[in-house]
Amino acid sequence: MPGRIPPEIVDRIREGTDIVELISGYVRLERKGVNYFGLCPFHPEKTPSFSVHPAKGIFHCFGCGIGGNSITFLQLHDKLSFAEAARELARRTGIHIPEEKSTERPEKYDALYKANQFAAELFSKWLWENRGDEFDRARAYLQQRGISNDLAKLFKIGYSQDRWDGLIQAIRRDKPGILERDFLDAGLLLRKEGGAYDRFRGRLIFPIHNLSGKVVAFGGRAMQAETEGAKYINSPQTPIYNKSGILYGLHLAVDQIKRRGECLIVEGYTDLIRLHEGGFAHAVATSGTALTREQASLLRRFCNKVVLVYDGDAAGSHASLRGGDVLVSAGLNVKVVGLPPEHDPDSFIKENGPGAFAELVENATDLISYRIELYRREGRLTDAPSRTAVARELLASLIVIPDPIQREIQAQEAAAKMGLSAETVLRELARMRVPSRSQSETAGNGAKPGESLTALPVKEKGLLEALIRWPELREAVFLELPAQEFQGTLSRRLAAKLEDAWSKGEKPTGEALIDEDTPIEDVSFISWALSQTESLTDPGVDAQAKRRYDDYITAQDCLKDLLIALMDQQLQKLKLKINAEPDETAQITLLKELQDQEGQKLAIKKKVFWPIPPHPSLEAPGERASKKSPTRSRQTDF
C-alpha cells in the first residue's frame with residue numbers, strides 16, 4: 001500500500017485546498033464578517049455553531065468542540081485515515097504524491113472503502129460486460145423498467161452473479177490487496193462454518209454512496225417474484241455505513257438541493273432514478289426505511305424545505321406522516337404530495353409524464369393539512385371519540401415544531417379545519433412539555449468531543465492557548481517549564497509537540513500544527529485556540545491586537561502560577577525532610593536550602609518573562625498616561 005506522505009506535500013495539499021469550497025460541499029455556509037457559519041455536520045443542532053475560518057484554514061464547532069483543518073474535516077466526515085483524506089484532496093487539487101511502498105496493512109476504514117469499490121466495479125462489469133442468459137436477463141430487466149443505460153451508469157447500477165462464491169472467486173483471482181475479512185466486515189460476504197459466501201446473489205445492485213461519492217453500502221433487488229428471500233436486501237451497519245445517516249442519491253443531488261433550497265424525498269431506488277430522469281435532480285431516497293432524525297439533520301444543512309413523495313397507498317400515506325414529523329422537528333418546512341392510491345412516483349411519471357408530476361409538487365400540501373385530509377378520507381372524523389383521537393395526534397405533531405410562531409400559526413389553522421377553537425388547541429399545547437434545545441439536541445449523543453477540553457487543568461489550558469496563537473512566547477516558556485512538567489495528558493502531549501518544534505528551531509503556526517500524528521482530541525483544541533484570535537473589545541479597537549495583549553498577560557500569569565505550584569511541591573517535600581532529619585547540622589543545611597527556594601519562589605512572582613505589548617486603545621498616549629488602567633497596572637506587578 002502507499003506509504004507515509006512527506007510533510008512538505010501535506011503542506012502543499014493544505015495550501016492548495018480552499019477550505020470554504022471544500023466544506024460548502026457538505027454544509028450550507030453563510031458568510032458573517034470574514035468567517036462562515038452553518039449547521040454542524042458532526043452533531044444535531046438547529047442554531048448554527050459550526051464555523052469556518054478561511055484566513056486560518058481551520059473549522060471549529062462551538063457546540064460539540066470538533067475542529068481541524070481541511071484534511072481533518074474530510075477525515076472525520078468520510079471516516080478516512082489522515083493519509084487517505086490527504087490523498088483524496090491531493091487528487092482533487094492535482095497535487096502529485098510520490099509513492100513509497102509500505103508493508104503496513106491499510107487503515108480499517110480505507111480497507112472497507114476499497115472492498116466496496118472493488119465490489120461495485122465488479123458488479124458493474126458483470127452487468128455491462130458479461131455475456132450469457134443470466135446477464136442478458138439483468139439488462140433486459142432494466143429496459144423493462146424504463147431505465148436507460150446512461151441513467152443506470154450514472155447511479156453505478158450493477159448485477160451480482162447468481163452464485164454462492166462469485167465475489168469470493170473474483171477476490172482470489174484478482175488479488176486486490178484487500179483481505180477477505182475486509183469484505184466480511186463490509187457486509188459483502190457472510191460467514192459460514194469453514195469459510196464465507198456472497199451476500200448478494202442474482203440481484204440488481206444499487207451502490208449507496210456517502211456525500212463524497214464513496215461507496216459505503218449496497219442494496220440488492222430481486223428481479224423475479226419467485227426469487228428466494230426478500231425483494232430487497234441491504235448491507236448491514238458497518239464502521240463506514242450508518243443507514244440512519246445516509247440518503248440514497250444525496251451525493252448526486254446536493255448541489256441542486258442547495259441551489260433550490262428544497263429537497264424531494266421518495267422511498268425507493270427506482271423512484272429516485274425516475275425522478276432524476278424527469279429532471280428532478282434535487283431528489284433523494286430513504287431506501288425504503290423510515291426517516292430518521294440523523295437524516296433530517298443532514299438535510300437541514302442544505303435546505304429549508306422538504307417535499308415528501310411516497311407511494312399513494314395507505315402505507316405510503318402514513319409513512320409520510322411519520323417522516324414528516326421527524327423532518328418538522330428538525331426545523332424543516334415540510335410539504336406532502338398525495339399520489340393516487342394506485343401509483344408510486346416511478347409509475348406516475350411513466351404514465352403521466354414529468355410535467356404532471358411537477359404540478360403535483362408545486363401544489364403539495366402542508367403536513368398538518370395532509371394529515372387532516374387523510375383522516376377525513378379514512379372516516380376518522382365522523383364522531384366525537386375518533387375526532388378526539390385525531391386531535392390528540394395533531395397536538396403530538398404540532399408540539400414538535402421548534403419555531404413557536406410557526407407552531408401557533410399551524411395550531412390555529414389546524415383548529416379551524418377540525419372545527420375546534422384555537423384557544424383550546426393552544427391551551428393544550430401549552431400544557432404539553434416542549435423539550436428544551438439543550439435536551440433535544442444532545443439527547444442520545446453521549447459525551448461531546450469538546451467536553452474533554454474542559455477537563456484540562458485551567459492554568460495549563462490558558463498557557464497552551466497563548467503558545468498556539470503566539471509562537472514567539474514558546475522559547476521563554478519551555479526554558480522555564482519543560483513539557484514533561486504539564487500534568488494533563490492532552491496538555492502534556494500538546495506541550496511536547498510545541499517544545500519539540502521549538503528545540504528544532506521551528507515555529508509552526510495555524511493549521512500547520514495539525515499533522516498525521518496529531519490525535520483528533522488535540523486537533524479540536526488547536527482549532528478552538530486558533531478560532532479565538534480576536535478578543536471582544538470596544539468599537540474601533542483592533543480585536544486581534546487586544547487578543548494578543550490579553551494572551552500575553554494571561555500566559556505570563558499562568559506560567560508563574562504553574563512554576564510556583566511546582567516550587568510549592570518541592571518546598572513541601574523539603575519541609576517533610578527537615579522534620580524527619582534527626583541530625584542538627586543536616587537540618588541547618590536543609591533549612592538554608594529551604595530559604596533559597598523560598599527566595600526563588602519570590603523571584604518567580606516578580607519576574608517578567610516577556611514585555612507586555614501596549615493596550616490597543618483608541619486613546620492618545622497622553623490620555624492613557626493620565627488614567628490608571630486596572631489591566632495595565634497588572635504589568636507593574638511582574
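The values are calculated or read from the model by the stated rules, or taken from the named source; none is laboratory data. Owing to the predicted nature of the structure, the values given are computational and were not obtained by experimental measurement. As a convention, Cβ positions derive from the backbone with ideal geometry for all residues, glycine included, and neighbour counts pool all protein chains shown. For accessibility, only protein heavy atoms count, side chains too; no ligands or nucleic acids. Shrake-Rupley method; radii C 1.70, N 1.55, O 1.52, S 1.80 Å.
Here are the numbers for the structure shown:
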| item | result |
| --- | --- |
| Subset of region 391-424 that is surrounded by 15 or more Cβ atoms within 10 Å (Cβ to Cβ) and more than 38 Å from the chain's Cα centre (by Cα) - its residue that is nearest to Val337 (Cα to Cα) | Lys417 |
| Selection status of Phe123, open to solvent by 10 Å² or more (accessible area, probe 1.4 Å), within 34 Å of the chain's Cα centre (by Cα) and touching a residue at least 40 places away in the same chain (Cβ under 8 Å) | no |
| Residue within region 497-518 that is at pLDDT 90 or above, open to solvent by less than 10 Å² (accessible area, probe 1.4 Å) and outside any helix (DSSP H, G or I) present | no |
| Any pair with Cβ under 7 angstrom, 6 or more apart, that starts in region 157-183 at a residue that is touching a residue at least 60 places away in the same chain (Cβ under 8 Å) and ends at one that is open to solvent by less than 50 Å² (accessible area, probe 1.4 Å) and among the basic types (Lys, Arg) | Ser160/Arg203 |
| Identity of the residue in region 63-85, outside any helix (DSSP H, G or I) and free of Cβ contacts under 8 Å to residues at least 60 places away in the same chain, that ends up nearest to Ser212 (Cα to Cα) | Leu80 |
| Cβ-Cβ under 6 Å pairs, at least 6 apart or on other chains, region 17-33 side open to solvent by less than 40 Å² (accessible area, probe 1.4 Å), far side assigned to a loop (DSSP other than H, G, I, E, B) and modelled with pLDDT of 90 or more | Tyr26/Pro41; Val27/Pro41 |
| Tabulated pairs, region 240-253, first closer than 13 Å to Ser297 by Cα and touching a residue at least 12 places away in the same chain (Cβ under 8 Å), second open to solvent by less than 20 Å² (accessible area, probe 1.4 Å) and of a type in the set (Gly, Ala, Ser), C-beta under 6 angstrom, 6+ apart or interchain | none |
| Matching option when the condition is open to solvent by 70 Å² or more (accessible area, probe 1.4 Å), at negative phi and modelled with pLDDT of 90 or more, among Lys153, Lys192 | Lys153 |
| Subset of region 480-491 [buried (at least 16 other Cβ atoms within 10 Å of the Cβ) and free of Cβ contacts under 8 Å to residues at least 24 places away in the same chain] | Ala483 |
| Total residues in region 195-226, condition assigned to a loop (DSSP other than H, G, I, E, B), free of Cβ contacts under 8 Å to residues at least 40 places away in the same chain and open to solvent by less than 40 Å² (accessible area, probe 1.4 Å) | 2 |
| Selection status of Gln143, open to solvent by 40 Å² or more (accessible area, probe 1.4 Å), under 27 Å from Arg181 (Cβ atoms), at pLDDT 90 or above and part of a helix (DSSP H, G or I) | no |
| Number of positions in region 126-140 that are part of a helix (DSSP H, G or I) and open to solvent by 50 Å² or more (accessible area, probe 1.4 Å) | 3 |
| Residue in region 589-603 that is within 16 Å of Gln556 (Cβ to Cβ), modelled with pLDDT of 90 or more and not basic (Lys, Arg) present | yes |
| Region 1-39, residues that are assigned to a loop (DSSP other than H, G, I, E, B), closer than 26 Å to Ala543 by Cα and not β-branched (Val, Ile, Thr) | Asp18, Leu29, Gly33, Leu39 |
| Search result, residues across region 146-164 that are assigned to a loop (DSSP other than H, G, I, E, B) and either within 23 Å of Arg199 (Cβ to Cβ) or hydrophobic (A, V, I, L, M, F, W, C) (or both) | Ile147, Phe155, Lys156, Ile157, Gln161, Asp162, Arg163, Trp164 |
| Residue in region 227-246 that is of a type in the set (Lys, Arg) and within 28 Å of the chain's Cα centre (by Cα) present | yes |
| Subset of region 242-256 [buried (at least 22 other Cβ atoms within 10 Å of the Cβ) and in contact with a helix residue (DSSP H, G or I) (Cβ under 7 Å, 6 or more places away or on another chain)] | Leu247, Tyr248, Gly249 |
| Which numbered condition Pro239 misses (of (1) at pLDDT 90 or above; (2) touching a helix residue (DSSP H, G or I) at 6+ places or on another chain (Cβ under 9 Å); (3) open to solvent by 10 Å² or more (accessible area, probe 1.4 Å); (4) under 21 Å from Gln117 (Cα atoms)) | (1) |
| First in region 457-472 and modelled with pLDDT under 90, second anywhere and open to solvent by less than 20 Å² (accessible area, probe 1.4 Å) and small (Gly, Ala, Ser), Cβ under 6 Å, 6 or more apart | Pro457/Gly488 |
| Search result, residues across region 388-412 that are in contact with a helix residue (DSSP H, G or I) (Cβ under 7 Å, 6 or more places away or on another chain) and in a helix (DSSP H, G or I) | Val390, Ala391, Leu394, Leu395, Ser397, Leu398, Arg407, Glu408, Gln410, Ala411, Gln412 |
| Residue check, Thr47 farther than 23 Å from Ala186 by Cα and in a helix (DSSP H, G or I) | no |
| Residue within region 219-235 that is aromatic (Phe, Trp, Tyr) and within 22 Å of Arg172 (Cβ to Cβ) present | no |
| Where Gly187 falls short, out of the listed (1) crowded, with 20+ Cβ neighbours inside 10 Å; (2) within 35 Å of the chain's Cα centre (by Cα); (3) of a type in the set (Gly, Ala, Ser); (4) in a helix (DSSP H, G or I) | (4) |
| Residue that is nearest to Ala495 (Cα to Cα), among those in region 571-588 that are open to solvent by less than 90 Å² (accessible area, probe 1.4 Å) and in a helix (DSSP H, G or I) | Leu571 |
| Single unsatisfied condition, Val477 versus (1) assigned to a helix (DSSP H, G or I); (2) open to solvent by 20 Å² or more (accessible area, probe 1.4 Å) | (2) |
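Table: residues versus (1) part of a helix (DSSP H, G or I); (2) surrounded by 22 or more Cβ atoms within 10 Å (Cβ to Cβ); (3) modelled with pLDDT under 90.
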{"residue": "Glu521", "(1), (2), (3)": "yes, no, yes"}
{"residue": "Ser524", "(1), (2), (3)": "yes, yes, yes"}
{"residue": "Glu534", "(1), (2), (3)": "no, no, yes"}
{"residue": "Thr537", "(1), (2), (3)": "no, no, yes"}
{"residue": "Gly540", "(1), (2), (3)": "no, no, yes"}
{"residue": "Lys546", "(1), (2), (3)": "yes, no, yes"}
{"residue": "Tyr552", "(1), (2), (3)": "yes, no, no"}
{"residue": "Asp557", "(1), (2), (3)": "yes, no, no"}
{"residue": "Leu563", "(1), (2), (3)": "yes, no, no"}
